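First comes the structure, then the notes that go with it.
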Amino acid sequence: MTEFDHMISGPSNHVSARHPSPDSPASARSSVGLRATGIGAAVLLAVTLAACGEAPEPMDEAPMTDEPTEMAPMEEPSNSIVDVAVEAGQFNTLLTAVEAAELTPTLQHDGPFTVFAPTDEAFDQLPDGAVTDLLQDIEQLTAVLLYHVVPGTLSAEEVADRSELETAGGEMLTVSVENGTVFVNGAQVIATDVEADNGVIHVVDGVLMP
C-alpha cells in the first residue's frame, strides 16, 4: 500500500461541526446580539409612532347628572283684538288709524275691551279727505278711536240691554234696538261677539264720531 493509499484508507478525516456550549463565549455573544436586536426594534417602532404624530388626548366627558333638563315655556299664539282684526282682513283703515295713534300696544296687551269696529267700507262712506285729515290730527284721531272702545267685555245681548255706554274716552254712546237690530249712535251692528283674548269685537257699518 502506498503512502497515498494509506492516507485515503486511514482514519477518517471528517471533521464534525462543533456547537458552542451555553456557557461558552460564543453563546454569550449570540444572546447579547438578540437583545440588541430586540431593543433596536423597539426604538424603531417608537420613532415610527412619533413620526405619525402624537396620540390625541382623551376628550373630557360631560359630568352625569340626575337633574332633569328644564325646557323654556312655549309662548301661546296671541289672539288679541288687534290680531283678530288683522286676521279678518276688513279693518285695514281702522288698523292704520290705531297704529298712527299709537294705540296698538293698548289693544294688544291691555283690556278687556269691547270694540265697535268700523269696516273699511264704513270709512269709505266718510267725506273725501276725512280719513287723511284724521291721520294728520293725532289728538282728534285718538278721540275718535277711543269713542269706539268701551272698557270691559260686553256681549251683544248685554249691549242691547243698555241705552247708553261710556267709552274709554269718557264720552257716551247711545244704544237703540229696532226690530231686533242693534244700533250704536245710528250705526248698525252687523256682526257680533267676535271674541279675542282681551275682549270682544262688534262690527258696525259706520264710523262713530264724538
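The values are calculated or read from the model by the stated rules, or taken from the named source; none is laboratory data. Because the structure is a prediction, the values reported are computed rather than measured. Cβ placement follows ideal geometry from the backbone for every residue including glycine, while neighbour counts extend to all protein chains displayed.
Filtered by the rule that a residue be in a helix (DSSP H, G or I) and over 11 Å from LEU208 (Cα atoms), the range 137-150 gives ILE138, GLU139, GLN140, LEU141, THR142.
Scanning the range 81-102 for residues that are buried (at least 19 other Cβ atoms within 10 Å of the Cβ) and under 28 Å from the mean Cα position of the chain (by Cα) yields ILE81, VAL82, VAL84, ALA85.
With the requirement that a residue be out of contact with any Phe, Trp or Tyr (no Cβ under 9 Å at 6 or more places or on another chain), within 23 Å of VAL175 (Cα to Cα) and touching a residue at least 40 places away in the same chain (Cβ under 8 Å), what does the range 83-116 give you? Scanning the range 83-116 gives GLY111, PRO112, PHE113, THR114, VAL115. Every condition in (1) polar (S, T, N, Q); (2) surrounded by 13 or more Cβ atoms within 10 Å (Cβ to Cβ); (3) part of a strand (DSSP E or B) is met by THR153 except one, and the failing one is (3).
All conditions but one from (1) crowded, with 19+ Cβ neighbours inside 10 Å; (2) over 24 Å from ASN79 (Cβ atoms); (3) of a type in the set (A, V, I, L, M, F, W, C) apply to PHE113; the one that does not is (2). Going through the range 99-121 one residue at a time, which ones are more than 21 Å from LEU165 (Cα to Cα), of a type in the set (A, V, I, L, M) and part of a helix (DSSP H, G or I)? Listed by number, the list holds a single entry, ALA100.
Does GLN90 fit the bill of being more than 21 Å from GLN188 (Cβ to Cβ) and modelled with pLDDT of 95 or more? In short, no.
On inspection, LEU126 passes the criterion of being assigned to a loop (DSSP other than H, G, I, E, B), at pLDDT 95 or above and surrounded by fewer than 18 Cβ atoms within 10 Å (Cβ to Cβ). Considered as a group, the residues in the range 91-131 that are of a type in the set (S, T, N, Q) and touching an Asp or Glu at 6+ places or on another chain (Cβ under 6 Å) include one that is nearest to VAL207 (Cα to Cα), and that residue is THR93. When you check GLY206 against the structure, is it over 41 Å from the mean Cα position of the chain (by Cα) and exposed (fewer than 15 other Cβ atoms within 10 Å of the Cβ), yes or no? No, not satisfied. Can you say whether LEU134 is buried (at least 19 other Cβ atoms within 10 Å of the Cβ) and either over 18 Å from LEU208 (Cβ atoms) or not charged (D, E, K, R) (or both), as far as the supplied structure shows? When the stated conditions are applied, LEU134 passes them. For the range 163-187, the candidate set comprises residues that are assigned to a loop (DSSP other than H, G, I, E, B) and not polar (S, T, N, Q); within that set, the residue that is farthest from THR142 (Cα to Cα) is GLY180.
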